[in-house]
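Asker: Take a look at this one; I'll ask things after.
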Amino acid sequence: MPSLDSRAVVVTGGGFGLGRAYALAAAAEGAAVLVNDIDGDRAKAVTQEIVDAGGRAAAHPATVTDLDAAHGIVAACVAEFGHVDGLVNNAGVIAHGDPWAVTAEEIRHLVDVNVVGVLNAGIAAMSAMRGQGGVIVNVTSGGHLGMPGLALYGATKGAVASLVYGWAIDLAGTGIRVTGFSPLGRSGMGTSDALPEAEHVAPAVAYLLSDAAAPLHGQVVRFDGTRLSLLRPPAYAEPVVTADPGWSVSAVADAVRDTLAATTHPIGHPPVRPVA
């Protein structure tokens, strides 16, 4: 059975919602958990939950949008527990709305937290894990496949998925494993009663932090508390039309009309055929 005994794990954005559930699930499997959140009171509350249940935890309020602060989060885990073995790169924010109505402030905020923050925390964690090994779990979203009103959010989460693929290649052979997790569950971002409880989704993250998940290096796991699957990485689709160099505009048009137009792919989540 997967176990996290003797492991020390950082959970960013661990003060509420899915992040809280990930922290509790990791602790239940034996991990010592550094609960990070920009809201110190929330981080302390989750830490107390873990301690009250007999686990080990510490709180560290800080933003992931600053690289020095991210290094500080990881350093706090090492200072408290002696090492860092895992990172759940969970901190994130969301914005809904028409794409033409997005503001410069919304763009900057989402990119800073969802992309720069994931980069910062990942860089800090892998720097500490070099030479010893460890696990990074990047939390992405089905929103990056395309959902109404979530283009900006989805774009940031698509970047997170791309970091899984890129980091997995860069870290191959280092002992540091990278996976992605695309959850569907109730959180601070989505609170609909139609969503599964965060606690029903969190066990998959505890599994991904364990040695049992070694075959999933570079993969993105999708889980909604009931259905478990892997997300296909982006790839060039078949068929591929070839011709000698020197394509003309009309040759491209002919290739699309005669071949490619009949093989376009559904987009979005759930997938639908694009309508012009």
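Asker: Any idea what angle helix 249-258 forms with the longest principal axis of the chain, computed on alpha-carbon atoms, 0 to 90 degrees, nearest 10?
Answerer: Orientation of helix 249-258: about 80 degrees from the principal axis.
Asker: Normalising by the residue count of the range 140-276, find the relative contact order in percent from Cα pairs under 8 Å and 6+ residues apart.
Answerer: 23 percent
Asker: Each residue of the range 141-149 in order: what ³J(HN,Hα) in whole Hz does its phi give by Karplus 6.51 cos²θ - 1.76 cosθ + 1.60, θ = phi - 60°, with x for Gly and Pro?
Answerer: 7, x, x, 6, 7, x, 9, x, x
Asker: If the chain between residue 259 and residue 238 were fully stretched, how many nm would it gain, using 0.36 nm times the residue separation less the Cα-Cα distance?
Answerer: Separation in residues times 0.36 nm, less the Cα-Cα distance, equals 6.5 nm.
Asker: Can you grab the distance from the C-alpha centre of the range 128-172 to the C-alpha centre of the range 40-94, Å, no decimals?
Answerer: 19 Å
Asker: Per residue of the range 6-16, what does 6.51 cos²θ - 1.76 cosθ + 1.60 with θ = phi - 60° give for ³J(HN,Hα)? Whole Hz please, x for Gly and Pro, Karplus curve as stated.
Answerer: Running phi through 6.51 cos²θ - 1.76 cosθ + 1.60 with θ = phi - 60° gives 6, 8, 10, 10, 9, 10, 7, x, x, x, 6 Hz.
Asker: Moving to a separate point now. Which whole-number percent of Cα pairs in the range 237-276 have a distance greater than 16 Å?
Answerer: Roughly 47 percent, once rounded to a whole number.
Asker: From the square roots a ≥ b ≥ c of the eigenvalues of the alpha-carbon gyration tensor of the chain, which class results: rounded (a/c under 1.5), prolate (a/b over b/c), or oblate?
Answerer: Prolate.
Asker: Turning to a different aspect of this structure: Against the longest principal axis of the chain, how steep is helix 40-52, in degrees 0 to 90 to the nearest 10, with axes from Cα atoms?
Answerer: Relative to the chain, helix 40-52 is tipped by roughly 60 degrees.
Asker: Normalised by the residues of the chain, what does the relative contact order come to in percent, with Cα pairs under 8 Å and at least six apart?
Answerer: About 17 percent, as a whole number.
Asker: Let me ask something else about it. Just to be sure I understand: of the beta bridges DSSP finds with both ends in the range 8-231, what percent are antiparallel, rounded to 5?
Answerer: 15 percent
Asker: Give me the angle, in degrees from 0 to 90, between the Cα long axis of helix 151-170 and the longest principal axis of the Cα atoms of the chain, rounded to the nearest 10.
Answerer: Helix 151-170 and the main axis of the chain meet at about 80 degrees.
Asker: Considering only the other residues whose Cβ falls under 14 Å of the Cβ of residue 27, what net charge follows from Lys and Arg at +1 and Asp and Glu at -1?
Answerer: Around residue 27, the surrounding residues sum to -4.
Asker: At 20 °C and a viscosity of 1.002 mPa s, what translational diffusion coefficient does Stokes-Einstein give for the range 77-207, taking Rh as the Kirkwood radius over Cα pairs? Give it in µm²/s as a whole number.
Answerer: Estimated diffusion coefficient is 136 µm²/s.
Asker: Which value at 222 nm does the chain reach when only helices count, each DSSP H run of 4 or more adding -39,500 (n - 2.57), with the total divided by all residues and rounded to the nearest 500 deg cm²/dmol?
Answerer: -11000 deg cm²/dmol
Bear in mind that the values in this text are calculations on the coordinates, not laboratory data. Keep in mind that this is a model prediction, so the values were computed, not measured. Note that each Cβ is placed from the backbone with ideal geometry, even for glycine, and that neighbours are counted across all protein chains shown.
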